[in-house]
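Nothing in this text is a laboratory measurement; each read-out follows from the coordinates by a stated rule. Fair warning: this is a prediction, and the values are worked out from it, not measured in the lab. In this analysis, Cβ positions are derived from the backbone assuming ideal geometry, glycine residues included, and neighbour counts consider all displayed protein chains.
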Amino acid sequence: MKKLTFLLIIVFCFTSCQRIIEQNQFNTELNNYTSPYQGTWYGAYNGAENGQLQIMVYKAGNIEVKRIFNNTTETFYGQVYDNGVINDTYSNSGFFLSGSLNTKSGVWKQGSLNGSWTVTKQ
């Protein structure tokens, strides 16, 4: 029984150490990563409604989207992947932004309203 307990402790310690090493490696890779789309992008959205967009891409690929319409600014957040695809990003008002910074364009929806958007990097 003592041998089994000792063996289980050894296996547990090895597994725990392996997880610590993997987490450390992940953190190092994350700290060294810089999104190829980092910077500020400006543009407009058109269709059933018109307005301006500002997309700020941070080092890790997180994005902050500012939608300017009718003298009002709405800010919401998302992420851009390595291939430029913006994850399905929703605002509190239900404004949905989808597309790619690689193509600098995409589509938007808000309820029954929809249209397209384009941006350029500054």
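Quick notes on this structure:
- Whole-angstrom gap from the range 40-91 to the range 95-116, using each part's C-alpha centre: 9
- Between THR118 and GLN38, the simple spin-label model (points 7 angstrom out along Cα→Cβ) gives 2.8 nm.
- One chain, two ends: VAL85 and THR72. Fully extended at 0.36 nm per residue, the span grows by 2.0 nm beyond their Cα-Cα distance.
- Rough spin-label spacing in nm, given labels placed 7 Å along Cα→Cβ, for TYR58 and ASN102: 2.4
- Qualifying GluC sites (Glu not before Pro) in the range 38-122, DSSP loop, other Cβ atoms within 10 Å at most 15: GLU49
- For the range 29-107, trypsin sites (Lys or Arg not before Pro) are listed when DSSP marks them as loop and at most 14 other Cβ atoms sit within 10 Å of their Cβ; the list is LYS59.
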